[in-house]
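Q: Before anything else, here's the structure in question.
Read the figures in this text as sums done on the coordinates, not as results from a lab. Since we're looking at a predicted model, the values are computed, not measured. Glycine also receives a Cβ, built like all others from the backbone with ideal geometry; neighbour counts cover every protein chain displayed.
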Amino acid sequence: MTLPLFETPASAPEIIDDGAVLLRGFAAGLAGRWVAEVQALQAGAPFRVMDLPGGARMSVAMTNCGSWGWVSDAKGYRYSGTDPLSGLPWPAMPPFLRNQAIAAAAKALYPGFAPDVCLINRYRPGAKLTLHRDEDEADFTAPIVSVSLGLPCTFLWGGLARKDPVKRMLLMHGDVLVWGGRTRLTYHGVSPLKDGHHHLLGDERWNLTFRMARVRYPAA
Ligand code: MD3
Ligand code: FE
């Protein structure tokens, strides 16, 4: 059989831990559409760098779509129904993005996923995310679906305590990870992005995380 050039075939789901499922290449086939959808969101809610409560500035630029968006400033982190840059509601989650995230969750055996937030992170060379837990959501029984596009990164994957040993894992363009069950509250982060060139995103890496911030899982 001849595989199409330039396309990573999506592979069977891999269980990488209790509740965490890796769908290698899930978003690779329609990556151009993913990129176009994120670009279209820029008109209403552009990428911006946020401040951390301690006073430092993040290196990753972020934006959101959906009913809620994750924000950070001198006062702390929280979900906000409006974009602090515009004062307006975040752009609606495009149906293509939402449907793809729901399909990925279903493939990872999480039916009833109904994301009300898509947080979008943009990394340029040197940008990183220090070890943290995602704990601002209302219902930790809901998984998080994460989609990687563009340059590869070294993902840092720890345990349930900050001091637990950290494993490293290469996340590549098109990879989708579904984090649920026992892994939902693990510490994780991203090593400083290495310079490189990707045919769709140049020297950038984008990561989309679909979350259920203010809805209960599973959705009725
Ligand atoms: C494990 N983003 O936005 S995606 C974040 O690549 C975030 O931009 C990283 O961590 C990024 O909060 C990592 C992989 C990921 C996302 C959410 C998780 C791993 C997770 C939630 C729980 C456990
Ligand atoms: Fe996170």
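Q: Output the residue which, of all residues in the range 181-220 that are farther than 21 Å from THR63 by Cβ and of a type in the set (S, T, N, Q), is nearest to ligand 2 (Cβ to nearest atom).
A: THR186
Q: When you scan the range 176-186, do you find a residue that is touching a helix residue (DSSP H, G or I) at 6+ places or on another chain (Cβ under 8 Å), surrounded by fewer than 14 Cβ atoms within 10 Å (Cβ to Cβ) and over 19 Å from ALA31 (Cβ atoms), even just one?
A: For the range 176-186, residues touching a helix residue (DSSP H, G or I) at 6+ places or on another chain (Cβ under 8 Å), surrounded by fewer than 14 Cβ atoms within 10 Å (Cβ to Cβ) and over 19 Å from ALA31 (Cβ atoms): absent.
Q: In the range 133-150, what count of residues is obtained for those that are within 10 Å of ligand 1 (Cβ to nearest atom), more than 16 Å from TRP70 (Cβ to Cβ) and among the polar types (S, T, N, Q)?
A: 1
Q: Being touching a Gly at 6+ places or on another chain (Cβ under 7 Å) and either without any contact (Cβ under 8 Å) to a residue 24 or more places away in the chain or within 20 Å of GLY189 (Cα to Cα) (or both) is the filter here; which residues of the range 30-72 pass it?
A: Matches in the range 30-72: PRO53, SER59.
Q: When the range 181-220 is examined, which residues are found to be closer than 18 Å to PHE155 by Cα and of a type in the set (A, V, I, L, M)?
A: If the condition is that a residue be closer than 18 Å to PHE155 by Cα and of a type in the set (A, V, I, L, M), then LEU185, VAL190, LEU193, LEU208 are the ones that fit.
Q: Please give the number of the condition ARG184 fails out of (1) out of contact with any Asp or Glu (no Cβ under 7 Å at 6 or more places or on another chain); (2) near ligand 1 (Cβ under 8 Å from one of its atoms); (3) farther than 15 Å from TYR217 by Cβ.
A: Every condition holds for ARG184 apart from (3).
Q: Right, something else. Can you work out which of the residues in the range 155-175 that are in contact (Cβ under 8 Å) with a residue 40 or more places away in the chain and more than 10 Å from ligand 1 (Cβ to nearest atom) is farthest from TRP34 (Cα to Cα)?
A: Only one residue fits best here, namely MET172.
Q: Also, quick follow-up: So which of LEU149, LEU170 is surrounded by fewer than 19 Cβ atoms within 10 Å (Cβ to Cβ), away from ligand 2 (no atom under 11 Å from the Cβ) and closer than 27 Å to ALA106 by Cβ?
A: Just one listed residue meets the conditions, LEU170.
Q: Mind counting the residues in the range 58-93 that are closer than 24 Å to ARG124 by Cα, of a type in the set (D, E, K, R) and either exposed (fewer than 13 other Cβ atoms within 10 Å of the Cβ) or touching a Cys at 6+ places or on another chain (Cβ under 8 Å) (or both)?
A: Of the residues in the range 58-93, 0 are closer than 24 Å to ARG124 by Cα, of a type in the set (D, E, K, R) and either exposed (fewer than 13 other Cβ atoms within 10 Å of the Cβ) or touching a Cys at 6+ places or on another chain (Cβ under 8 Å) (or both).
Q: Consider ASP18 against the criteria (1) out of contact with any Lys or Arg (no Cβ under 8 Å at 6 or more places or on another chain); (2) under 23 Å from PRO143 (Cα atoms); (3) surrounded by fewer than 13 Cβ atoms within 10 Å (Cβ to Cβ): it satisfies all of them except one. Which criterion is unmet?
A: So the condition that ASP18 fails would be (1).
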